[in-house]
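In what follows, a structure is listed as structure tokens, so that the remarks can point back to it.
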Amino acid sequence: MKINYCFGKKRKSKLITLFLLIVFLTSCTETKIELASINYPVKNILLLEDNDFEVDKSRYNAGIVTYKIKDINPYQFFGEDFDGEITSNSAEYSGKNFLQFMGDKQDINGFQIHIYTQNESQKLLKTLLKNLGKPSFEDDKGFEKYLIWENSDKIYILNQGFEAVIQNKKTIESDLLCLKTSNLSDVAIGATSNTKYSDYLEYRLMNKKNVKIYPFTKYIEEVN
């Protein structure tokens with residue numbers, strides 16, 4: 001006896017419907033903006049259009065404008081998400097991770113991610129080490145740590161505090177700056193002021209030395 005196997009019209013119709021639904025949902029998924037792929041300077045309108053943001057002055061330099069993005073969720077850094085908050089409905093100044101771009105009234109030349117949550121702080125450090133490798137500079141004081149990566153005309157400055165208490169919860173608080181060095185040199189020098197890297201930056205930029213030819217290690221050899 002010959003037996004014929006058949007899915008039947010109903011089952012075939014359901015499979016087609018399921019396939020079309022998957023395609024539809026995939027097409028509706030918003031593509032996140034990759035912060036690590038941005039080449040500065042970038043015109044403000046290209047990054048701020050369709051965004052809800054607040055304009056303020058940078059704490060590092062009164063001449064620098066900051067654009068604090070209301071929702072960090074549409075952005076990724078090396079493929080990772082860093083939205084989070086200490087408790088539900090936390091304010092940005094006391095427990096909610098935030099992103100802000102930095103520059104002037106026309107161009108953006110860098111960004112800052114501030115993280116209050118411990119899991120995202122730990123993930124941020126791992127992400128930087130994985131994608132940027134060994135830092136150009138590291139200063140570990142125990143209660144806080146500075147790590148700096150610099151190549152060409154871009155600098156990443158990570159400061160982590162290990163004794164932070166936010167809303168009565170002990171956490172690791174992190175602040176990451178990514179800057180176009182030539183356009184935001186004052187910010188880079190100010191952000192590293194608690195380290196020897198600040199003196200190195202100021203000396204190198206004043207003497208117009210290239211970071212590849214004149215790295216931090218060479219500077220330390222000369223001054224010691």
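The values are calculated or read from the model by the stated rules, or taken from the named source; none is laboratory data. Keep in mind that this is a model prediction, so the values were computed, not measured. With ideal geometry, Cβ positions are generated from the backbone for all residues, glycine too; neighbour counts draw on all protein chains shown. All accessible areas refer to the heavy atoms of the entire protein, side chains included, with ligands and DNA or RNA removed. Shrake-Rupley method; radii C 1.70, N 1.55, O 1.52, S 1.80 Å.
Please find the FRET efficiency linking residue 88 to residue 39, where r is the Cβ-Cβ separation and R0 is fixed at 45 Å, and quote it to the nearest 0.05.
Calculated transfer efficiency: 0.80.
Within the set [x] 20.1; [y] 15.6; [z] 13.1, the number that mean projected area of the Cα convex hull in nm² takes when calculated for this structure is listed as [x].
The mean sequence separation of alpha-carbon pairs under 8 Å and at least six residues apart, normalised by the residue count of the chain, gives a relative contact order of 14 percent. Counting only protein chain heavy atoms and rolling a 1.4 Å probe, the accessible areas of 217, 31 rank, largest first, as 31, 217.
Can you give the extra length, in nm with one decimal, that the chain gains between residue 193 and residue 73 once fully stretched, where that is 0.36 nm per residue apart less the Cα-Cα distance?
Additional length available on full extension: 40.1 nm.
Coupling constants for the stretch 68-81 follow from the phi torsions by the Karplus curve (6.51 cos²θ - 1.76 cosθ + 1.60, θ = phi - 60°), and in residue order they are 7, 7, 5, 10, 7, 4, x, 10, 10, 10, 6, x, 10, 9 Hz; glycine and proline get x.
Can you give the FRET efficiency for residue 169 and residue 125, using 1/(1 + (r/R0)^6), R0 = 22 Å, r = Cβ-Cβ distance, to the nearest 0.05?
My answer for the efficiency is 0.70.
Our summary gives the stretch 68-200 a relative contact order of 20 percent, counting only alpha carbon pairs under 8 angstrom and 6 or more residues apart. The helix-only estimate of mean residue ellipticity at 222 nm for the chain, built from DSSP H runs of length n ≥ 4 each weighted as -39500 (n - 2.57), is -9000 deg cm²/dmol after division by the residue total.
Distance check, please: which entries in 141/196; 70/130; 145/170; 141/218 exceed 21 angstrom between their Cα atoms?
Violating the 21 Å limit, Cα to Cα: 70/130; 141/218.
Label zone (residue 182, point 7 Å along Cα-to-C-beta; backbone nitrogen cut-off 16 Å) within the stretch 196-224: 204-214.
Among the chymotrypsin sites (Phe, Trp or Tyr not before Pro) within the stretch 118-154, which fall in a DSSP loop and have no more than 15 other Cβ atoms within 10 Å of their own Cβ?
143
Among the trypsin sites (Lys or Arg not before Pro) in the stretch 125-224, those placed in a DSSP loop whose Cβ has at most 15 other Cβ atoms within 10 Å are 141, 208, 209, 212. Among the DSSP helices (H) of the chain, those spanning at least 27 angstrom by Cα along their long axis with an average Kyte-Doolittle hydropathy of -1.0 or more are 9-28; this is a geometric and hydropathy rule only.
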